[in-house]
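The values are calculated or read from the model by the stated rules, or taken from the named source; none is laboratory data. Source: prediction; values computed, not measured. Note that we place each Cβ from the backbone using ideal geometry, even for glycine, and neighbour counts take in every protein chain shown. To get the accessible areas, we keep the full protein, side chains included, count just its heavy atoms, and leave off ligands, DNA and RNA. Shrake-Rupley method; radii C 1.70, N 1.55, O 1.52, S 1.80 Å.
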Amino acid sequence: MRIQDLRPIDCDMHPVVPNIRALVPFLAKNWAASVNDRGIEGFDSISYPPNAPISARPDWRPDGKGLPTSVEDYRRHVLDRWNVQYAIGNCLYGAHMALSEDIGVAMASAVNDWMVATWLDAEPRMRASIVVAPQNPERAAAEIDRCAPDKRFVQVLLPAMVEAPLGRRQYWPIYAAAERHGLPVGIHAGSSYRHPVTPVGWPSYYVEDYASQSYAFQGQLGSLIAEGIFNKFPGLKVVLLESGVSWLIPFLWRMTKFWRGTRSEVPWVTRPPIEIARDHVRLSIQPFDAPDDPAIVGRIIEHMQSDAMLLFASDYPHFQYEDDAVLPPGLSDDFTRRLAHDNPLETYPRLKEVQS
């Protein structure tokens, strides 16, 4: 089955802020002046260096270099190419990196307003995640409340590595606001670089940084379950974006095994972690970090014991696959249909509202 025939919903693609000058018109006057007066050059994260090969496929780079930034590029390379019904734009601009809470909050708001004016108003198939500054969870919740009336915002976006595990109570205002508005929380690969990206210190090379993102997702998933997020906010869903897939079940097997022996310290976790994850956690399909072997892909999916956990994503413009090989090999037609259409609609209620 061709993915184009299903009118898929792309759950992870990345509008790129070309530079901080693009955000200045959306900043309050004092912050716009501050960008000029202080010579702030921007908050581009080294999680995705523009010139790193994995940050954009060569055929998707304008004139063979840089990153695609125009709506037309996204139409040609994603929306029209795969006959996409909706695409969720997850802007990775580094508002979460600012050491100043005030600047982080201002930049997050500017990114959201820029998304509306530059993307949502320009392309009816586009949807977006609300970018927040987790440095200040209360003001992050206020930003969710500000943006949520625009139904084209369908998710709240957080980076995988911030200043503390995401299950901690300091972040609960974000989850309360997300649940209040019926929004999933997307956790995307990336870091505020307050701490090393590996459990044993700073790496030497970018390949280590990128591969180590899966450790962060394991830690964050463990934190969300152990701290009782899904008990406190039973309507909440969490989407792990660009986390990889193959690590999930071995980690949940391990956590479930040790939860059985240590459950007295987390009495609010009343079900096995693997069951909680099946109900509340979803993952984008790219990168599908497994050998290009249909038998192995099938075993990974079989171990999930769920056909609801994976979501179609192009991860545009990141370089995860060649040509049109956006799906791993060997998927059945029924599973592909769920992946491309049914699962996204069940995960993002606002998409279903638009359809009806």
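Electrostatic tally near Y175: other residues with Cβ closer than 13 Å to its Cβ, Lys and Arg +1, Asp and Glu -1, net +2. Distant-in-sequence amide contacts of R282, defined by a placed amide H-H separation under 5 Å and a gap of 5 or more residues or a different chain, comprise V238, V239, L240. Excluding ligands, DNA and RNA, the accessible surface per residue across the chain is 41 Å² with a 1.4 Å probe. Which distance in Å, rounded to a whole number, links the C-alpha centroids of the range 16-68 and the range 277-351? Distance between centres, Cα-based: 30 Å.
The amide H of G167, built 1.01 Å from its N in the peptide plane, has L224 as neighbours under 5 Å, considering only residues 5 or more places off or on other chains. Three principal axis extents of the range 120-250 based on alpha-carbon atoms, in descending order, are 43, 36, 29 Å.
Within the same chain, lysines fewer than 8 places from K352 are excluded, and of the rest, those with a Cα less than 22 Å from its Cα are K151, K237.
For the chain, the share of accessible area belonging to carbon and sulfur comes to 52 percent (1.4 Å probe, ligands and nucleic acids excluded). Per residue, the convex hull spanned by the Cα atoms of the range 273-356 amounts to 117 cubic angstrom.
Computed over the chain, the P(r) tail beyond 26 angstrom holds 48 percent of alpha carbon pairs.
Under Stokes-Einstein, with the Kirkwood radius over Cα pairs as Rh, the value for the range 236-318 at 4 °C and 1.567 mPa s is 93 µm²/s. Phi angles of the range 187-200 translate, via the Karplus equation with coefficients 6.51, -1.76, 1.60 and θ = phi - 60°, into HN-Hα couplings of 10, 10, 3, x, 9, 8, 6, 7, 9, x, 8, 10, x, 10 Hz per residue; Gly and Pro are given as x.
Against the empirical curve 2.2 N^0.38 Å, the C-alpha radius of gyration of the range 1-111 lands at a ratio of 1.24.
The fraction of Cα-Cα pairs per 10 angstrom bin, counted from 0 for the range 1-40, comes to 23, 30, 16, 16, 13, 2 percent, rounded to whole percents.
Taking only alpha carbon atoms, the range 242-283 gives an Rg to Rh ratio of 1.01, where Rh is the Kirkwood radius. For the chain, the 222 nm mean residue ellipticity estimated from helices alone, with every DSSP H stretch of n ≥ 4 adding -39500 (n - 2.57) and the total spread over all residues, rounds to -10000 deg cm²/dmol. Put +1 on the Cβ of each Lys and Arg and -1 on the Cβ of each Asp and Glu in the chain; which of F335, V245, L345 then has its Cα farthest toward the positive end of the dipole? Going by the Cα projections, it comes out as L345.
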